[in-house]
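Report on one structure; see the data block that follows.
Bear in mind that the values in this text are calculations on the coordinates, not laboratory data. All values derive from a computational prediction rather than experimental measurement. Here Cβ is always computed from backbone atoms with ideal geometry, including for glycine, and neighbour counts include all displayed protein chains.
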Amino acid sequence: MSASPSPAVPVGTSAGPTAAELLDFVRRTAADTALIASLPLDPEGRTWIRLDGPGGSEAWLIGWPPGTGTGWHDHADSIGAFLTAAGTLKEHSLAARLPTDGWKTLELAEDIDRSRELTSGQGKAFGRHHVHEVLNESAVEHAVSVHAYYPPLPQIRRYSRTGAVLRLEQTERPEDWQ
Ligand SMILES: [Fe+2]
């Protein structure tokens, strides 16, 4: 990819890739039609392939059958990016920085919900502690997306959501998904 300077998104003391660089990677990867076509698709559940992300980042190609989603979760201290390579994904996110530890339930303010539809070729980068859920709301069409995280995910916190109340349900560690 081009070496043109982009406004660096700081990642603290780490010299790892920026969120902009991760977005660049997922965009380039999604344009690799042979790679995207190599992902097995299963109508019963999500499928994935681990990819080599830039600069030691963790990257995945994920297939989403109609009606599947992640549930609410965050990525702890990792920054990341994802981009829809096929189909359409919906992202619901919170425009607030939540405390990372020391709570089981939080009542969310009324004005922090955000929703965005990401059609093929559209993606987004996100910073630390980004809380979201990603869904394929289509009744008929698979979606495929590319994801990259840096540092490699140390943990994923999973939440349930009832109205305005977010509840921490589970913390997953890498051994749970690798
Ligand atoms: Fe996520």
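Here, the chain is characterised by an Rg to Rh ratio of 0.95, where Rg is the alpha-carbon radius of gyration and Rh the Kirkwood radius.
A simple spin-label model places the labels of VAL140 and ARG167 3.8 nm from each other, with each point 7 Å out along Cα-to-Cβ.
Please work out how much length the chain gains when fully extended from THR119 to LYS104, using 0.36 nm per residue of separation minus the C-alpha to C-alpha distance, in nm with one decimal.
2.0 nm
How much length, in nm to one decimal, is gained on full extension between TRP48 and ASP111, taken as 0.36 nm per residue of separation minus their Cα-Cα distance? Taking TRP48 through ASP111 to full extension adds about 19.3 nm, to one decimal. Taking Cβ atoms as reference points and 12 Å as the exclusive limit, the residues near GLY87 contribute a net charge of -2, counting Lys and Arg as +1 and Asp and Glu as -1.
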